[in-house]
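The values are calculated or read from the model by the stated rules, or taken from the named source; none is laboratory data. Owing to the predicted nature of the structure, the values given are computational and were not obtained by experimental measurement. Cβ atoms come from the backbone with ideal geometry, glycine included; neighbour counts cover every protein chain shown.
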Ligand SMILES: [Zn+2]
Ligand SMILES: [Zn+2]
């Protein structure tokens, strides 16, 4: 926390609130549709590292499988050096296409999960501020 300079407008002229952490946001910092406040978006970016590891685990076996399958199917047609190149290219294409599909699915579900999150515990300082002054 604290990576973003606090915007006084956000606190004083609250236009909307982050749908995830409920931080007050001014008109200028209003998140785009299907997006959250800067702090939440940063958290999401930071979790990308974990997602990339998950992608490798989930995406590589089916990609390897697709590559092998296309190789096996096309190999009989790959006569001569030209044919072999085409078979190899097709297999590589099938492999990377499969991986890309898995990667997209991982990103989509991670994003959906992120947008579903709501009502994180408020930081202590904010709780104190919300108490009626007296
Ligand atoms: Zn602001
Ligand atoms: Zn937020």
Quick one: would you say residue 6 is more than 16 Å from ligand 1 (Cβ to nearest atom) and surrounded by fewer than 13 Cβ atoms within 10 Å (Cβ to Cβ)?
no
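Quick check on this structure: which one of 39, 100, 69 is out of contact with any helix residue (DSSP H, G or I) (no Cβ under 6 Å at 6 or more places or on another chain), assigned to a helix (DSSP H, G or I), modelled with pLDDT of 90 or more and within 16 Å of ligand 2 (Cβ to nearest atom)?
39
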The one condition in (1) assigned to a helix (DSSP H, G or I); (2) under 27 Å from residue 112 (Cβ atoms) that residue 75 fails to fulfil:
(2)
Can you pull out the residues in segment 42-66 that are surrounded by 11 or more Cβ atoms within 10 Å (Cβ to Cβ), within 16 Å of ligand 2 (Cβ to nearest atom) and outside any loop (DSSP other than H, G, I, E, B)?
42, 43, 44
Report whether or not residue 30 is in contact with a strand residue (DSSP E or B) (Cβ under 7 Å, 6 or more places away or on another chain), closer than 30 Å to residue 11 by Cα and outside any helix (DSSP H, G or I).
yes
Mind telling me which of the residues 23, 19 ends up being touching a strand residue (DSSP E or B) at 6+ places or on another chain (Cβ under 7 Å) and touching a residue at least 12 places away in the same chain (Cβ under 8 Å)?
23
